[in-house]
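First comes the structure, then the notes that go with it.
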Amino acid sequence: MNDSIAIKVDAVSKQYNDHTVALQEVDLEVRRGELFGLIGPDGAGKTTLIRILCSLILADSGRASVEDWDVVKDYRKIRSNIGYMPGRFSLYQDLSVEENLRFFATTFGTTIRANYDLIKDIYVQIEPFKKRKAGKLSGGMKQKLALSCALIHKPKVLLLDEPTTGVDAVSRKEFWEMLKQLRDKGITILVSTPYMDEASMCERVALIQEGRIMDVASPEEIIRKFDKELLAIRTNKMYQLIGDLRQMEQTHSAFPFGDFVHLATREKIDETSLRQYLRDKGHTSIQMKPIEPNIEDCFMDLMI
Amino acid sequence: MKRMRAFIQKEFYHIFRDRRSLLILLGMPVVLVTLFGFAITNEIQNADLVVLDPSKDEMSTEITRRLVASGYFDLYKEAQNIKEVEKSFIFSKTKLAIIYPDQQAKDFQKEGYAQIQLLADATEPNTATTLINYASSIIKDYQMEVNGLQGRPPLIQPEIRMLYNPQLKSVFMFVPGVMTVILMLVSAMMTSIAITREKELGTMEILLVSPLSPAIIVVGKVIPYIALAFFNTLVILLLGTYVFGMPIEGSLVLLLAECVLFVLTSLALGILISTRTNSQQVAMMISLIALMLPTVLLSGFIFPIESMPWPLQWLSNIIPAKWFIIIIKNIMLKGTGVDFVWKETLILVGMTFFFIAASVRNFKIRLE
């Protein structure tokens, strides 16, 4: 086995009892010490893949290993050496911050003090509230506590399932900073997220949709691969605008991004004729400008 | 060992911080025992009695006096005619009427024979039968005394002694029964809920992805509830003996040991339920319907097993409560030692091992 590979997924498929296909022939390699993003919309199979990696569910076919431990055969090894943070806040709400942390430390046969240096930067932020019940913490603090609990046994690999979902923008940014620091300490981190803008925080990302990996690359590479022309357009009738743009022959895609609609076309489009087209459709106060693609544009492009 | 201790400590935090559940757990035994002990009872006291006694001779007044003095009856009314008797049945809570012939004493002296009519309100058949029995035996007693005075020997006189519960107190029936039901409820329902709650809240996911073995999780869940159920056992026994005068003829140590055994059986059953269900509600419904009903109906707690049709009799054998009730009745009322209940004890031990083995087999080390 390759020394530099921390997580290896080989042709893994998974179908649930109700016949929903969660994963189809997924291949993936995460390098040791990498901050790797698994990015895709809800229901794409992110949670299923992470659960298979933590040995929580069994794949129908294919093999997967974490740190060379097979997720089926060596599940005990995996369970004592990885840190896992489920998508839903899953600590004991009726236990205080400190009690939760101490419980998980003991569970893994260690103490808070023994591994304090690893969680210190995160834990100091919630330490003032250590007597507070976990259920009474704010969303951002809950995530910090959950991360501390997942880290308390010095795992080699950290698997995080949508850690930033439902967390405010500031806390999200802080959270990614913490992940970067952990990566610098040598921990391999696989993190899933539905937010495409978070992809730029990762070293490499995999785009997953409907149980298939669409692309694996660094964020820069993904942007470089983008081969369409992009226009940001804004008018007085935004809702109608998307429909009107999608009707055009040259249009590859049109998606709303904030206050603008991003129009992707295979070839450069003549702005004057486009303005005329929109005016004919009844749009006024039309603004448009050519833009450079961001990571989200690339994902939208890959997904359709 | 440290892990186990941490797990048990966590479990106690859950129990003590959920004040409402704790109150229910500790208060329920007291409420149930008191309810069953005082309210639900087969004994009838102070039933309203109507008397129609035209002659008022020494014999009829004496019989009436004895009926009222027994405590079972209250003289509600002395009716003047049969119409009034009927009315009082319809318009009041009269349970029993006694109607004497016109000249009872004379008839009896002349012919050695007299008739008394007893009318009972049979809308409640059990009450009616019981009251008729009470009244008949009081009248028979009186007749025997009169016969004895006149030197005529009675023909066959059965002498009855009610063993182990001479006063036929229904409390003696209910305390063991209630104890069984409560221990079952606390143990099975609470453990099954405690484990499914972890599944529901998603904390089971975290516990699974940790080095904790299924054995630690299961045993760690069970131990706090053993303590809780044992405390409840003591409360019920104290209430039974001091409030209802329930005797403990046998060894207290044996009794407590058997209680712990039954608690273990129920806990194992609760865990088995929790391994098969994923939500607290389902676990609760299964505990209630699949455990509580058979425990109440088929254990001999309320309905005697001997009078059930054979399929139900057969079914009652797999109800742990049936064996436990036999055991504690033997120990508390008859004062028997372990040599008389070892068979039932072994059955419970066997059941416990079966449930534990099935739970460990069914305990899923993965999700779904």
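The values are calculated or read from the model by the stated rules, or taken from the named source; none is laboratory data. Keep in mind the model is a prediction, meaning the values are calculated, not measured. Because the Cβ atoms are built from the backbone with ideal geometry, glycine has one as well, and the counts that use them run over all protein chains shown. Ligands, DNA and RNA are excluded from the accessible area calculation, which covers all protein heavy atoms including side chains. Shrake-Rupley method; radii C 1.70, N 1.55, O 1.52, S 1.80 Å.
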The answer for the net charge of residues other than A:Val191 whose Cβ lies under 12 angstrom from its Cβ, with Lys and Arg +1 and Asp and Glu -1, is 0
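Calculate what fraction, in whole %, of the accessible area of the stretch B:47-149 sits on carbon and sulfur atoms when a 1.4 Å probe is rolled over the protein chains.
Working: 3080 of 6060 Å².
Roughly 51 percent of what the probe reaches on the stretch B:47-149 is carbon or sulfur.
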Binning every alpha carbon pair distance of the protein assembly as shown at 10 Å from zero, what are the percents per bin? 3, 12, 16, 15, 13, 11, 9, 7, 6, 5, 3, 1, 0, 0
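What number do you get for the stretch A:226-303 when its Cα radius of gyration is normalised by 2.2 N^0.38 Å, N = residues?
Values: Rg = 11.5 Å, N = 78, 2.2 N^0.38 = 11.5 Å.
The value comes to 1.00.
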Under 19 Å by backbone N from the virtual spin label 7 Å along Cα-to-Cβ at B:Thr241, the residues of the stretch B:169-205 are B:171-180, B:183
Residue-count net charge about A:Met201 - beta-carbon cut-off 13 Å; Lys, Arg +1, Asp, Glu -1: -2
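Calculate the mean, over all residues of peptide B:210-218, of how many other protein chain Cβ atoms lie within 10 angstrom of the residue's Cβ.
Details: counts 9, 9, 4, 1, 0, 0, 1, 0, 0.
Mean number of neighbouring Cβ atoms from other chains: 3.
Cβ neighbours within 10 Å, averaged per peptide: list A:238-250, A:6-18, B:323-335 in order, most packed at the top. Write out the running numbers ahead of the final one.
Numbers: A:238-250: 14.5, A:6-18: 16.8, B:323-335: 22.6.
Averaged packing, sorted descending, gives the order B:323-335, A:6-18, A:238-250.
Around A:Gly62, what is the net charge, scoring Lys/Arg as +1 and Asp/Glu as -1 over all other residues with Cβ under 11 Å from its Cβ?
Details: positive: A:Lys8, A:Lys14, A:Arg63; negative: A:Asp10, A:Glu25, A:Asp27, A:Asp60.
Local net charge: -1.
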Cut-off 10 angstrom, C-alpha nodes, Gaussian network model of chain B. Which of B:Leu52, B:Leu32, B:Leu234 fluctuates the most? B:Leu52
Relative contact order in percent for chain A (Cα pairs under 8 Å, 6+ apart) equals 20
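Just tell me how shielded B:259-268 is by partners: mean number of partner chain Cβ atoms within 10 Å of each residue's Cβ, no decimals. Write out the running numbers ahead of the final one.
Numbers: counts 0, 0, 0, 0, 0, 0, 0, 0, 0, 0.
Taking all residues of B:259-268 together, the mean is 0.
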Mean-square fluctuation check for chain B, GNM, Cα pairs under 10 Å: which of B:Tyr134, B:Tyr113, B:Tyr13 is largest? B:Tyr113
Burial ranking of peptide ranges A:204-214, A:180-190 (average Cβ count within 10 Å, highest at the top): A:204-214, A:180-190
Mind checking the per residue accessible area of the protein assembly as shown for me, 1.4 Å probe, whole number of Å²? 49
Label zone at A:Arg266, where the point sits 7 Å out along the Cα-to-Cβ direction: the stretch A:206-228 residues whose backbone N lies under 17 Å: A:226-228
Inter-site label distance for B:Glu78 and A:Ser273 at 7 Å from Cα along Cβ, in nm: 12.2
Which aspartates and glutamates, if any, have their Cα less than 15 Å from the Cα of B:Lys199, not counting same-chain residues under 8 positions apart? B:Glu11, B:Glu368
Let me have the 222 nm mean residue ellipticity of chain B computed from DSSP H runs of 4+ only, each contributing -39500 (n - 2.57), with the sum over all residues rounded to the nearest 500. -20000 deg cm²/dmol
Taking every DSSP bridge whose two residues both lie in the protein assembly as shown, the antiparallel percent to the nearest 5 is 55
Chain A: calculated mean residue ellipticity at 222 nm from DSSP helix runs of at least 4, using -39500 (n - 2.57): -10000 deg cm²/dmol
Just to be sure I understand the model, the point goes 7 Å from the Cα along the line to the Cβ. What's the resulting A:Ile286 to A:Arg63 distance in nm? 5.9
Using 0.36 nm per residue, how much length does the chain from B:Val68 to B:Lys87 gain when fully extended, once their Cα-Cα distance is taken away? 4.7 nm
Here, A:Val72 and B:Tyr164, labelled 7 Å along Cα→Cβ, have an inter-label distance in nm of 5.8
Straight-line reach check, A:Lys281, cutoff 28 Å on alpha carbons, 8 or more apart in-chain or any other chain, hits among lysines -> A:Lys228, A:Lys237, A:Lys268, A:Lys289
Within straight-line cross-link reach of A:Lys180, lysines at Cα separation under 26 Å, skipping those fewer than 8 residues along the same chain: A:Lys8, A:Lys46, A:Lys77, A:Lys120, A:Lys130, A:Lys142, A:Lys144, A:Lys154, A:Lys156, A:Lys225
Quick check on packing: order B:315-322, B:246-253, B:175-182, B:56-63 by the mean number of other C-beta atoms within 10 Å, highest mean leading. B:175-182, B:315-322, B:56-63, B:246-253
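Between A:Met238 and A:Lys173, what's the calculated FRET efficiency when r is the beta-carbon distance and R0 is 22 Å? Round to 0.05.
0.20
List the GluC sites (Glu not before Pro) within the stretch A:256-304 that DSSP assigns to loop and that have no more than 14 neighbouring Cβ atoms inside 10 Å.
Working: sites: A:Glu267, A:Glu271, A:Glu296; in loops: A:Glu267.
Of the GluC sites (Glu not before Pro), the ones in loops of the stretch A:256-304 whose Cβ has at most 14 other Cβ atoms within 10 Å are A:Glu267.
Evaluate peptide B:198-209: per residue, the Cβ atoms of other protein chains within 10 Å of its Cβ; return the mean as an integer.
Per-residue shielding by partner chains comes out at 6.
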